[in-house]
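Have a look at the structure below, then the notes.
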Amino acid sequence: MRRFLPDAFTLTLIATVILASVFPAVGQGASFMLVASNVAISLLFFLHGARLSTDAIVAGVKDLRLHALILGCTFVLFPLLGLGLRALFPGLLTPGLWLGVLFVCTLSSTVQSSIAFTSMARGNVPGAICAATASNLLGTVLTPLLVAVLLHRQGGGHGLADAGRILLQLLLPFALGSLLRPWIGAWAQRNSRVLSKVDRSSILLAVYTAFSEAVAQGIWHAFPPLDLVTMVLVNAVLLGAVLLITTWGARRLGLSKENEITLVFCGSKKSLASGIPLATVLFGTSQMGIVVLPLMIFHQMQLMVCAVLARRYADREAPAAGDAAPARV
């Protein structure tokens with residue numbers, strides 16, 4: 001029975017959601033948590049840069065098939081599934097909530113949680129870093145285009161500003177860690193068990209910060225309970241379908257276990273961090289709450305489910321001596 005019970009990290013995530021619901025960070029506390037979350041994410045990338053060898057990074061960049069599969073799942077598979085669900089069950093949700101679900105389908109992949117879960121699961125971390133970063137950079141252009149095509153909406157964007165923020169917060173610390181690897185790389189490898197806690201801490205901070213903002217805005221009181229339950233089921237079907245397709249597809253294509261993990265975790269995520277600013281620009285404040293609510297639910301759901309999957313992957317047997325080992329982090 002123990003294998004079907006949530007692990008300690010999943011229980012910690014649930015406790016974090018409950019904590020944010022009862023004691024959300026507001027005012028100066030919310031500002032502090034936002035800064036702390038951003039610092040943790042930057043530190044996460046700095047440590048990844050310090051621990052990953054140059055050869056591993058180059059190998060991650062060169063795996064074009066893996067990156068194409070991840071981008072295809074993010075910007076093709078998700079929209080098709082969303083449109084299919086709405087066509088089959090148009091009356092299941094209100095038009096506003098279907099708008100939010102389809103908006104979720106157009107978003108780029110997350111960065112920090114995709115990489116953190118890939119690392120926890122002992123997957124291809126260099127490939128995850130390259131794929132998730134590319135997804136976010138392309139998403140600044142592709143998401144508004146997909147919204148315009150699928151939802152018949154137009155709006156301005158901050159593509160250059162978002163790209164600059166990604167480069168500054170994520171790639172710059174990663175590059176700095178790589179440059180300092182000759183001096184701190186050995187130390188980082190010796191303390192990899194302790195430093196791996198940074199991955200989990202960054203996820204917990206992001207969950208608490210995002211959920212606090214939703215609770216402070218009273219978003220959970222905006223809809224009847226039945227609508228919320230139905231939306232949870234729709235999100236569960238969407239997430240479950242993508243997880244099944246990515247896992248099945250990776251095995252049918254003969255991907256290594258490390259690349260399968262990267263495809264599953266990077267191809268199934270949707271970014272709350274980029275979704276909220278884009279929703280503000282594309283939909284305005286009048287529809288902001290309705291559009292963002294499905295994203296909030298999907299975001300929490302993907303973290304919970306992927307925490308369990310990451311632990312299951314991590315508990316698999318290590319490769320035998322002489323076999324190709326996954327990239328060390």
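By the gyration tensor of its Cα atoms, with a ≥ b ≥ c the square roots of the eigenvalues, what is the shape of the range 216-274: rounded for a/c under 1.5, prolate for a/b over b/c, or oblate? Don't skip to the answer; put the middle values down first.
Details: a/c = 5.82, a/b = 2.30, b/c = 2.53.
Oblate.
So if R0 is 22 Å, what FRET efficiency would HIS221 and THR94 give, r being the distance between their Cβ atoms, rounded to the nearest 0.05? Can you show the working numbers first?
Details: r = 16 Å, r/R0 = 0.73.
The computed FRET efficiency comes out at 0.85.
On a full-extension model of 0.36 nm per residue, what is the gain between ILE14 and SER201, subtracting their alpha-carbon distance, rounded to one decimal in nm? Mind dumping the intermediate values first?
Values: separation 187, 0.36 × 187 = 67.32 nm, distance 1.38 nm.
Result for the pair: 65.9 nm of gain on full extension.
Read-outs: derived from the displayed coordinates by stated rules, not from any lab. Note that this is a predicted model, so its numbers are computed, not measured. All Cβ positions, even for glycine, are placed from backbone atoms using ideal geometry, and neighbour counts span all protein chains on display.
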